Amino acid sequence: MLLLVGIAGSPAFTGWAATQTDPESAAAFYMRLLAWPAWRLDADGEAGGLFAADLRAVLLVIFAVGLLYLLPAAQVARVPGSVSQFFSGWAAYVLAAGLAAVLAALLGPSPSLLGALQDASTGAGYGFLTGWIIGTASLGGRA
């Protein structure tokens, strides 16, 4: 998960996905979606500074780690097997992305309830379409 956010959210990847992919293709849509938890090395004059610019990526990592630790323990205890681990890892990432988006919108430089709700749907969509990567990576883990 840290690699996914670190690599796909990097300034180099987000810049490449925004400029070098065909906006009318499914592959380009997915590449741009992978870049959703973008982080930056400088704030570029954004209100709140560098932390506000990177808040969504930081919160996503924190929530995903916490939820990956909490969710599989209850799931695996009841239904042993890799299918349960896969879906609990995927669900943890969906929930973490939605929560990170909401809190980043509310704690960011210009908070609004509408913005938080819109960002929550975007974050949950990101988590749903990329969470399978985290679900696959969580296979074989111990709760």
What nm value, rounded to one decimal, do you get for the distance between Ser112 and Leu3 when each label is placed 7 Å out toward the C-beta?
-> 3.9
Cα-projected label distance for Arg40 with Val65, points at 7 Å along beta-carbon direction, nm = 2.5
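We did not get these values from a lab; they are worked out from the coordinates using the rules stated. As the structure is a computational prediction, the values presented were derived from the model and not from experiment. For neighbour counting, all protein chains shown are included, and Cβ atoms are generated from backbone atoms with ideal geometry for every residue, glycine included.
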